[in-house]
Amino acid sequence: MAEGSGPETGRGRTRWGLVLPVLVLGFLIIGMFMWALSGNSDEDDPRAGGQAKVACAEALAFGGAERPANVQPERCTVQHGIDTAYAAVLRMPREDVRAWLRETYPNAPEIRTGDPCGALCLDVSHEDGLSASAEAHVVQVRVEYENAETALVRFSAFTM
């Protein structure tokens, strides 16, 4: 065979020698993008800005509140980022909501009713009635009456 001919020449090896590394590099890049877009997100890691489930007593305590009697917790979460935010969704007897809010935040502004807050709403900060034991800077409570007996309470406590 003449020199420079056949499958082992520099020209043939160069072409296939470049294709294989380019393909491997392409698969690695595509794999990294797929991994980044897959379920390896930090949505369940509260330190990374995602929400994590917590005990409702913890969420309420962050806002200086105790769990009311006869409550059915729906879900309670925490989210950490620049600020910390706890949220609690509770169902409780409609007739108990006002008393619980007055007992929990005795120095708070008046409970508001009607639009845009729903049936009842209360916004409390350290400047206007939030207890010193609360770690939150602001607490917001929004109440919707589901029926004649039940209220859906959305409680959020957060730092600023």
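Can you list residues from other chains, or at least 5 along the same chain, whose modelled amide H is less than 5 Å from the amide H of residue 130?
Result for residue 130 returns 125.
Which loop-located GluC sites (Glu not before Pro) does the range 49-121 contain, where loop means any DSSP state but H, G, I, E or B and the Cβ has at most 12 other Cβ atoms within 10 Å?
Values: sites: 58, 66, 74, 95, 103, 110; in loops: 66, 110.
Passing both the DSSP loop test and the Cβ count: 66, 110.
What does the charge count around residue 74 come to, taking other residues whose C-beta lies under 10 Å from its C-beta (Lys +1, Arg +1, Asp -1, Glu -1)? Present the calculation step by step, with values, prior to reporting the outcome.
Details: positive: 75, 91, 154; negative: none.
Overall, the nearby charge balance is +3.
Given Cα pairs under 8 Å that are at least 6 residues apart, what percent is the relative contact order of the range 62-158? Present the calculation step by step, with values, prior to reporting the outcome.
Details: 197 pairs, mean separation 32.3, N = 97.
Relative contact order here is 33 percent.
Which loop-located GluC sites (Glu not before Pro) does the range 119-148 contain, where loop means any DSSP state but H, G, I, E or B and the Cβ has at most 16 other Cβ atoms within 10 Å? Please list the in-between numbers first.
Numbers: sites: 127, 135, 144, 146; in loops: 135, 146.
Qualifying residues, ordered by number: 135, 146.
Assign one of three labels to the range 107-160, namely rounded, prolate or oblate, based on the Cα gyration tensor with a ≥ b ≥ c the square roots of its eigenvalues; rounded applies when a/c is under 1.5, prolate when it is not and a/b is larger than b/c, and oblate otherwise.
Working: a/c = 2.48, a/b = 2.00, b/c = 1.24.
It comes out prolate by the Cα gyration axes.
With 5 Å bins from zero, work out the P(r) of the range 51-160 over every alpha carbon pair and list the percent per bin.
Percent of pairs per bin, in order: 2, 13, 25, 26, 20, 11, 3, 0, 0.
Read-outs: derived from the displayed coordinates by stated rules, not from any lab. No experiment lies behind these values; they were computed from the predicted model shown. Cβ sites come from the backbone with ideal geometry, for glycine too, and all protein chains shown count toward neighbours.
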